[in-house]
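Remarks on the structure that follows.
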Amino acid sequence: MNDPAGPARKAISFAALLRELREARSLTQQELAAARVSVDAVSALERGRRTQPQPHTVRALATALQLRDADRMALLSTLGRAGDAALEMPSRKLTPRTPSPPSVEMVGRDDEVAEIVAALGTTPGGLVTLTGPGGVGKTTVALTAAAVVASERPAAVYFADLTDVTEPDDALAAVAHVAACAADTVTGLAEHLAGTSALLVLDNLERVTACGPHLAELLTASPDTVILASSRVPLRVRREREVRIAPLGPSAAERLFGERLAAAGAPPMGRADDSAVSHLCRQADGLPLAIELLAAAAARPGPRALLERIDALTELPVARTCWRGNAPWQPPSSVAARCSAPQPSGYSPASPWCRTASPSTPSMRSPRWARRMRWGRSPS
């Protein structure tokens, strides 16, 4: 028969037993955290706030507590199937994940790539972090630089996308997985990478920047390894060299727009389109992602028609009121800002959330408006 308390009882039981085992050994949370688990993680587990610890975390805690077989089984049994997974070591038949070069040609980043390649080649055991706002092209630059490094010297290159990793303690396990390493500790990963001159490409680290000390420790233990990371903010650890990826300049931005417009099947642009393209790129704040989206949207109506519709959006009545809370709303000043602006509470793409001063004026956030803009038709 199923346990009527469900996951909540198991989480509380694990929390209580973990605290009891720690206190029985006269260990503080800080001392237990020496098992490659942060103090915050130990606190969250003991308070029941973190209900699904990773298998490697459970194994590390059990080892640090020096549990006998009976106590280890009692602790793992409170987790159900997750405890069964923690009993098993990761499969040793892992396949390393190497990065694929960008699918499209990069525009306007030759200087940055040259700087990154030079930094990776001259600093053994170094950490190079690419920083910049979302959509600026950090991943594309990192993949291009990694491809250049791989072509210039024999090195094992591994790519880890950490977008979905939310706990700093889990970042190292994700790196070990893509490197086909059965161990998920700094020591085990360093031994696995020894003598390989490995390049670890770690993408989207901004959510787990607290893993920086673990990465610095890994580079100390494995001096032949180098790390190329991308993050919206630097990790601020020793060995780190930050390379800022800035938005594209006007010339590179317009070239990127033209190339992506042609790739979308649009007819060749004329001189009459130059001013519209320049204005659209300024509206995109030079962000490659926003420029590519605009180029795709302009493929059918053309740059001038798209610009007119974007200008019309900023001229719509701004007396918009949120259905929930009557919060005033103002349109951001640029396309890039509109793309990244946070949505109000309660917004759902399936149900428009704001109304305009004029009942005949469509909502800017309406899916119907978006569909018409996408296919090049005027809203009605």
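The values are calculated or read from the model by the stated rules, or taken from the named source; none is laboratory data. Just so it is clear, the structure is predicted and the values come from calculations on it, not from any experiment. Glycine gets a Cβ as well: all are built from the backbone with ideal geometry, and neighbour counts include every protein chain shown. Surface areas here come from the heavy atoms of the whole protein model, side chains and all, with no ligands, DNA or RNA. Shrake-Rupley method; radii C 1.70, N 1.55, O 1.52, S 1.80 Å.
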Residue-level accessible surface for residue 20, protein heavy atoms, 1.4 Å, Å²: 120
Using θ = phi - 60° and Karplus 6.51 cos²θ - 1.76 cosθ + 1.60, couplings along the stretch 258-271 (whole Hz; Gly, Pro as x): x, 5, 6, 5, 5, 5, 7, x, 6, x, x, 7, x, 4
Cβ-Cβ FRET estimate between residue 251 and residue 115, R0 fixed at 25 Å, reported to 0.05: 0.80
In Hz, Karplus ³J(HN,Hα) per residue of the stretch 120-133 (6.51, -1.76, 1.60; θ = phi - 60°; x = Gly, Pro): 5, x, 9, 10, x, x, x, 10, 10, 10, 8, 10, x, x
Accessible-area ranking of 170, 110, largest first, probe 1.4 Å: 110, 170
Gyration tensor verdict on the stretch 98-216 (Cα atoms; rounded if a/c is under 1.5, prolate if a/b is larger than b/c, oblate otherwise): oblate
Efficiency of FRET between residue 70 and residue 40 - r from beta-carbon atoms, R0 30 angstrom, step 0.05: 0.55
The stretch 248-308, dipole about Cα centre (Lys/Arg Cβ +1, Asp/Glu Cβ -1), debye to the nearest 20: 100
Stretchable slack from residue 263 to residue 241, in nm (0.36 nm times residue separation minus alpha-carbon distance): 4.4 nm
Cα gyration tensor shape for the stretch 166-281, rounded if a/c is under 1.5, else prolate or oblate: prolate
Area of residue 149 that stays accessible when all protein chains are in place (1.4 Å probe, Å², to 10): 0
Simple spin-label estimate for residue 312 and residue 300 in nanometres, 7 Å along Cα-Cβ: 1.4
Area of residue 40 that stays accessible when all protein chains are in place (1.4 Å probe, Å², to 10): 120
FRET efficiency, residue 233 to residue 77 (Cβ-Cβ, R0 51 Å, nearest 0.05): 0.80
Gain in span if fully extended, residue 122 to residue 279, counting 0.36 nm per residue against the direct Cα distance: 52.4 nm
Unit charges at the beta carbon, dipole of the stretch 114-183: most positive-side option, 118, 134, 168: 118
Inter-site label distance for residue 52 and residue 272 at 7 Å from Cα along Cβ, in nm: 5.7
